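The values are calculated or read from the model by the stated rules, or taken from the named source; none is laboratory data. All of these numbers come straight from a predicted model, not from anything done at the bench. Every residue, glycine among them, receives a Cβ derived from its backbone with ideal geometry; neighbour counts consider all protein chains shown. For the accessible areas, the whole protein counts, side chains as well, though only heavy atoms, and no ligand, DNA or RNA atoms are used. Shrake-Rupley method; radii C 1.70, N 1.55, O 1.52, S 1.80 Å.
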Amino acid sequence: MTTTPAGLPSAVSIQAGPSTAPTRVPREFARIRDLAENMWWVWDREAYDLWGRIDPQVWARNKNPLTLLSFVDSQTWEVLSDSASFNELYQTVVSRFDAYIRGQGTWFARHFGDRFGGSVAYLCAEFGLHQTLPFYSGGLGILAGDHLKAASDLGVPLVAVGLFYRRGYFQQRVDPDGYQQAEYRDLETARRGIRPIMDRSGHPLRVEVELPGRTVHIGAWMIQVGRIPLVLLDTDLKENDPADRPITHMLYVRGREMRLCQELVLGIGGVRVLDALGIDPVAWHINEGHSAFSVLERLAKRIDSVDFEKAREEIRDNTLFTLHTPVPAGNEVFEATMVERYLAAAVPEVPQEHLRELGVGPSGDPHRFDMGALAIRFASKVNGVSQRHGQVVTHDWGGVIGGKSGAITNGIHTPTWIGRAMSRLYERNIGPDWAELLTEPETWQAIHDVPDAEVWEAHQQQKEVMLRNLRNRLVTQAARHGADPDRLRWFYDQLPSDRLTITFARRFATYKRAGLLFSDPGRIRWLLTNPERPMQIVFAGKAHPADREGQGLIKWVVDIAKTHDLEGHLFFIENYDMALAQYLVSGTDVWLNTPRPPMEASGTSGMKAAANGGLNLSVLDGWWVEGCTANTGWGFSENTASDAEDAAVLYHLLESAVLPAYYDRNEAGIPVSWVRMMKAAMAELTPAFSAHRMVTEYTEAYAPLAGVEVAAT
């Protein structure tokens, strides 16, 4: 089967093998397989609802269409066949899907037509599309997944490349003593919308990368993300030595040499797979330094024809590099001699005398090979992911860049992250196709005219859904720890919906300062337990298995939550993933973020909360420097002096602004000033921080790399 989104300019055609999912679908519903094998259903509401109509119980357990279809028996299909409402929904969804895939009037078609003449390659180490595909760990992967979804909506001719992590990122379990346990589970490939990529002769595609003393064979799989193909590289092949097969098994494996092998497969193997598919990108987007070796493979292909500097300039001319974090742990650095040994085998065409200087980072240490520095030296455009982060990149990397970094502020794929009640509110007040209007910010001013009661009711509905889900998760956690029935019943009585609910959910790294709120135990205790204006705080987040300090923070929060005077006001929810994130961002009252500035590059989770009417209470770092106004939320400590001073400002804001705004109600029980801020956040921040806006900016940056002029605006 060849996948070619019809009607798209410069569409990528990839021959994929048949799905191995064990499903039998009646002829009258044959197109349901097409829907199941394209991730478009994740963000189309009617498509999403279709699965729940087939078998609500199975769907509620797994949220995976191909697993669902494998359980449907002939009797269920007979009932559905006789259901007029199901048949109508099925036909509607199929029509919507076909119109979407074949759509001619996309944003890209209107602005660029066929002037690109080819596709943009987007290389990244992780992609967050849905919780059933654990190819992401956090912000970078979620951002990359949202980039693909928005590119699909806008019609941008993108082809993405990543790694096929058969064991994914870890599932988090917290034991009764508060210690994080990491569980890696094998992915059921047959029950995912993943198909093997075939070569032109119809055999499974294979490319090779030479590593010291052996050859590693690489296969490829494809996930269709709307109009966008995502190519995933795989070393778990019978052709490989058993010691090389696990290279692509786990995301962010802790062993440094194994991590280096992963990045060689991603960068060098990614270029070779695209070449084997006959795809010659007109522009290359290296999304974070993990895929930087791609520039050396492209260099090796040119260096026989032109000299080194000429080849490097040719690569620079059509390469963009995005840095996502100023945190050292987020910028990949390897021991230089190890890198040189591997590159001598993988890309022997590149002169050895150039390799070490290409990887020297801002520190100037020739013994450390910096992947970000390598990418910068081969990119004509380098950008941070918020305006402030762009300044940080210029400060930290200016010597390598040779000037100023640009900035394209991150955005979220709003249809993926918006809750049901708010989506209906947008449909009524913005339009049934409100997602298509995210690039028209003036349209969103209509939110200010929505009655307060309508906005508040939509938020309360989503909050109730969130709290119900959190109670169920807490009971499951406690039951696994052996809690008695009375204790389990106690959890069902917690998290009342009329209490101000604050959420702190993110990776548990020390610079995120999960403990800042507890700097003054007496003061936070009073704020949480004040009988007139109480608060409750929900914590969630994973620490990397190699991050002992981050794991210690998780245990510390769990221990605090068990103390007698705070019990019932503080909760830690395990296994923070996309499913849990969707509940939290859609239902929380306040999204709390307390990084030590300027270490937060962007922070897209707060954008998701804002689009759902949640108010941000955040350190002025990353995107919040641009998003925070007196009407959209609260910001503090842009230039931190100390944790103690930052905590004092945070307490003051809670006491003097946040709690009064939430609890001061009119005669109808509506917090008028709070709802006014909700409307401002929804109207101003939703279009400004959408992935649709972000991808339009990236596409305008791709254009000159592809030799396309962009009209001045």
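If the condition is being surrounded by fewer than 24 Cβ atoms within 10 Å (Cβ to Cβ) and farther than 19 Å from L705 by Cβ, then segment 105-129 contributes G105, T106, A109, R110.
Against the conditions (1) at negative phi; (2) surrounded by fewer than 22 Cβ atoms within 10 Å (Cβ to Cβ), G402 satisfies every one except (1). When segment 271-315 is limited to residues that are under 23 Å from D234 (Cβ atoms) and of a type in the set (V, I, T), the one that is most open to solvent (accessible area, probe 1.4 Å) turns out to be I279. Any residue at all in segment 330-343 that is surrounded by 19 or more Cβ atoms within 10 Å (Cβ to Cβ), of a type in the set (F, W, Y) and more than 30 Å from V392 (Cβ to Cβ)? Taking every residue of segment 330-343 in turn, at least one turns out to be surrounded by 19 or more Cβ atoms within 10 Å (Cβ to Cβ), of a type in the set (F, W, Y) and more than 30 Å from V392 (Cβ to Cβ).
Within segment 613-641, residues that are closer than 18 Å to K679 by Cβ reach partners that are aliphatic (A, V, I, L, M) and assigned to a loop (DSSP other than H, G, I, E, B) with beta carbons closer than 9 Å, at six or more positions or on different chains, in the pairs C628/L620. Residues in segment 89-104 that are closer than 22 Å to S13 by Cβ and either surrounded by 18 or more Cβ atoms within 10 Å (Cβ to Cβ) or of a type in the set (S, T, Y) (or both): F97, Y100, I101. Inside segment 550-591, residues that are part of a helix (DSSP H, G or I) and in contact (Cβ under 8 Å) with a residue 40 or more places away in the chain make up a count of 20. Among residues that are open to solvent by 40 Å² or more (accessible area, probe 1.4 Å), more than 16 Å from E567 (Cβ to Cβ) and in contact (Cβ under 8 Å) with a residue 40 or more places away in the chain, R480 is included.
A count restricted to segment 249-283 and to residues that are outside any loop (DSSP other than H, G, I, E, B) and either modelled with pLDDT under 95 or more than 17 Å from I218 (Cα to Cα) (or both) stands at 3.
Of the residues making up segment 131-162, those that are part of a loop (DSSP other than H, G, I, E, B), more than 21 Å from F293 (Cβ to Cβ) and not hydroxyl-bearing (S, T, Y) number 7.
Taken across segment 407-418, residues that are of a type outside the set (S, T, Y), outside any loop (DSSP other than H, G, I, E, B), open to solvent by less than 10 Å² (accessible area, probe 1.4 Å) and closer than 30 Å to K301 by Cβ do not occur at all.
With respect to A375, is the statement that it is among the aliphatic types (A, V, I, L, M), open to solvent by less than 30 Å² (accessible area, probe 1.4 Å), more than 30 Å from G587 (Cα to Cα) and at pLDDT 95 or above true? Steps first, answer last, please.
Values: among the aliphatic types (A, V, I, L, M): yes; open to solvent by less than 30 Å² (accessible area, probe 1.4 Å): yes; more than 30 Å from G587 (Cα to Cα): yes; at pLDDT 95 or above: yes.
In short, yes.
Scanning segment 626-661 for residues that are under 31 Å from the mean Cα position of the chain (by Cα) and charged (D, E, K, R) yields E626, E638, D643, D646. Looking at the structure I just gave you, is V619 open to solvent by less than 10 Å² (accessible area, probe 1.4 Å), modelled with pLDDT of 95 or more, among the aliphatic types (A, V, I, L, M) and over 18 Å from L654 (Cα atoms)? Taking the combined requirement at face value, the residue does not satisfy it. Which one is surrounded by the fewest Cβ atoms within 10 Å (Cβ to Cβ), of the residues in segment 498-517 that are of a type in the set (S, T, Y) and in contact with a Gly (Cβ under 9 Å, 6 or more places away or on another chain)? Among those that are of a type in the set (S, T, Y) and in contact with a Gly (Cβ under 9 Å, 6 or more places away or on another chain), it is T510.
Matching residues to (1) out of contact with any helix residue (DSSP H, G or I) (no Cβ under 8 Å at 6 or more places or on another chain); (2) crowded, with 24+ Cβ neighbours inside 10 Å; (3) at pLDDT below 95:
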| site | (1), (2), (3) |
| --- | --- |
| K149 | no, yes, no |
| G162 | no, yes, no |
| Y165 | no, yes, no |
| R173 | no, no, no |
| G178 | no, no, no |
| L187 | yes, no, yes |
| R195 | yes, no, yes |
| D199 | no, no, yes |
| H203 | yes, no, yes |
